[in-house]
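Undergrad: After the structure tokens below, expect a handful of questions from me.
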Amino acid sequence: MASTIVFIGPPGCGKGTHAAKLSNDYDILPVSVGEYLRQEVKAKTELGVKIAYIMSRGELVSDEIAVEVVKGVCYSNREKNILLDGFPRTVKQAVLLDEFLPDYNRQVDIAVYFKVSDKEVIRRISGRRLDPLTGKIYHIEFNPPPEGVHTIQRDDDRIEVIKKRLELFYNETAPVADYYKKQKKIAEIDGEGALDEVYSRLLSAIKQYIEKTA
Ligand code: AMP
């Protein structure tokens, strides 16, 4: 059975960064519902226009939309180890995930909860900048863009939106961690500190479910 790993954490906790690094070093496919939705927005489909409005307000898209994205990935990648970065974000999504994964011969093996303080979240996200041409992410403090590179701030990275996303995280997503705690499938890791340190904490938590790429 292929592994299924879940990443949970507040916005800016480093889920996406670690998902990318992990998929580079190990045989695992990162799945970001947020990234999929941003593609839909870019394509300006009817659904994309609705999603753009929801995302720019820092709200969650409906459980149905998020579930459909993940189901599609499971359908097309039956043999692959997958890493769900930012899904489930509600207990309803977690319940639905447990219901449909067996159809794809899967189960959630482990849910990693990246713990980061609100203060650190705000520091990390409010400085985040995107180069719209290359998709590269910079940070005005930790990793400033090279001179001449024009960057923008994602609508949902604005301070008032971050606060809203944090509030939603505590109301809707933190209970997902309790859901996996009850199933004894949670690994809580400290998401603060140097990237390499957090990465090695992550590896020790999930090493039994992943294999190095050849
Ligand atoms: P992310 O890139 O993971 O920070 O997600 C960006 C935005 O996409 C979120 O603020 C939500 O609006 C939406 N989104 C991503 N994943 C989900 C999910 N599992 N359920 C509902 N909305 C989601």
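Undergrad: Tell me, what is the Rg over Rh of the chain, with Rh the Kirkwood radius over Cα pairs?
TA: 0.94
Undergrad: Using a Förster distance of 35 angstrom, determine the FRET efficiency expected from the C-beta separation of LYS184 and ILE54, and round it to 0.05.
TA: For LYS184 and ILE54, the calculated efficiency is 0.55.
Undergrad: Restricting to DSSP H runs of at least four residues, report the calculated mean residue ellipticity at 222 nm for the chain, -39500 (n - 2.57) per run over all residues, nearest 500 deg cm²/dmol.
TA: Details: 9 runs with 96 residues, N = 214.
Calculated mean residue ellipticity at 222 nm is -13500 deg cm²/dmol.
Undergrad: Oh, and also: Please list, ordered by chain and number, the residues whose modelled amide H lies under 5 Å from the amide H of LEU29; skip anything fewer than 5 residues away on the same chain.
TA: For LEU29, whose amide H was placed from the backbone, the distant partners under 5 Å are ASN81, ILE82, LEU83.
Undergrad: For the range 107-150, what are the per-bin percents of Cα-Cα distances with bins 10 Å wide, up to the bin holding the maximum?
TA: For the range 107-150, the pair-distance distribution reads 23, 36, 24, 15, 2.
Undergrad: So, for the chain, what is the accessible surface per residue at a probe of 1.4 Å, expressed in square angstrom?
TA: 53 Å²
Undergrad: Also: Give the peptides 183-192, 147-156 in descending order of average Cβ contacts within 10 Å, highest first.
TA: Going from most to least packed, we get 183-192, 147-156.
Undergrad: Still on this structure, I have one more. If the chain between THR45 and LYS71 were fully stretched, how many nm would it gain, using 0.36 nm times the residue separation less the Cα-Cα distance?
TA: Extending this stretch completely gives an extra 7.3 nm.
Undergrad: So what J values fall out for the range 130-135 if you push phi through Karplus, 6.51 cos²θ - 1.76 cosθ + 1.60 with θ = phi - 60°, rounded to Hz, Gly and Pro as x?
TA: 10, 8, x, 7, 10, x
Undergrad: Starting from the Kirkwood radius over alpha-carbon pairs of the range 1-101, derive D by Stokes-Einstein at 4 °C in a medium of 1.567 mPa s and give it in µm² s⁻¹.
TA: 91 µm²/s
Undergrad: May I ask what percent, to the nearest 5, of DSSP beta bridges between residues of the range 76-214 are antiparallel? Display every interim value, and only then the final one.
TA: Numbers: 5 of 10 bridges.
In the range 76-214, DSSP labels about 50 percent of beta bridges as antiparallel.
Undergrad: I would also like to ask the following. Considering only C-alpha atoms, what is the centroid distance from the range 28-73 to the range 118-152, in Å?
TA: Comparing the Cα centres of the range 28-73 and the range 118-152, I get a distance of 22 Å.
Undergrad: Here's a follow-up. Rounded to the nearest percent, how much of the accessible area of the range 134-198 (1.4 Å probe, protein heavy atoms only) is carbon and sulfur?
TA: Here it works out to 52 percent.
Undergrad: Which FRET efficiency, nearest 0.05, do GLU167 and MET1 yield, Cβ-Cβ r, R0 30 Å? Can you show the working numbers first?
TA: On the way: r = 37 Å, r/R0 = 1.23.
With R0 = 30 Å, the Cβ-Cβ based efficiency is 0.20.
Undergrad: A further question on this structure: Report in % the part of the accessible area of the range 1-63 that belongs to carbon and sulfur, leaving out ligands and nucleic acids; probe 1.4 Å.
TA: Carbon and sulfur atoms account for 53 percent of the accessible area of the range 1-63.
Undergrad: Taking 7 Å along the Cα-to-C-beta vector as the label spot, tell me the SER62-ILE137 distance in nanometres, rounded to one decimal.
TA: 2.8 nm
Undergrad: For GLU188, list long-range residues whose amide hydrogen, built 1.01 Å from N in the peptide plane, is under 5 Å from its own amide hydrogen.
TA: TYR113
Undergrad: Need the list of aspartates and glutamates near LYS182 for cross-linking: C-alpha distance under 17 angstrom, and skip anything on the same chain fewer than eight residues off.
TA: In chain and number order, the partners are ASP98, GLU99, ASP109, GLU172.
Undergrad: Which entries of LYS119/LYS163; LYS21/LYS207; LYS71/LYS115 have Cα-Cα distances beyond 21 Å here?
TA: Details: LYS119/LYS163 11 Å; LYS21/LYS207 14 Å; LYS71/LYS115 27 Å.
Pairs exceeding 21 Å: LYS71/LYS115.
The values are calculated or read from the model by the stated rules, or taken from the named source; none is laboratory data. None of these values were measured; they are calculated from a predicted model. Cβ atoms come from the backbone with ideal geometry, glycine included; neighbour counts cover every protein chain shown. Protein only, heavy atoms only, side chains kept; ligands, DNA and RNA dropped before computing areas. Shrake-Rupley method; radii C 1.70, N 1.55, O 1.52, S 1.80 Å.
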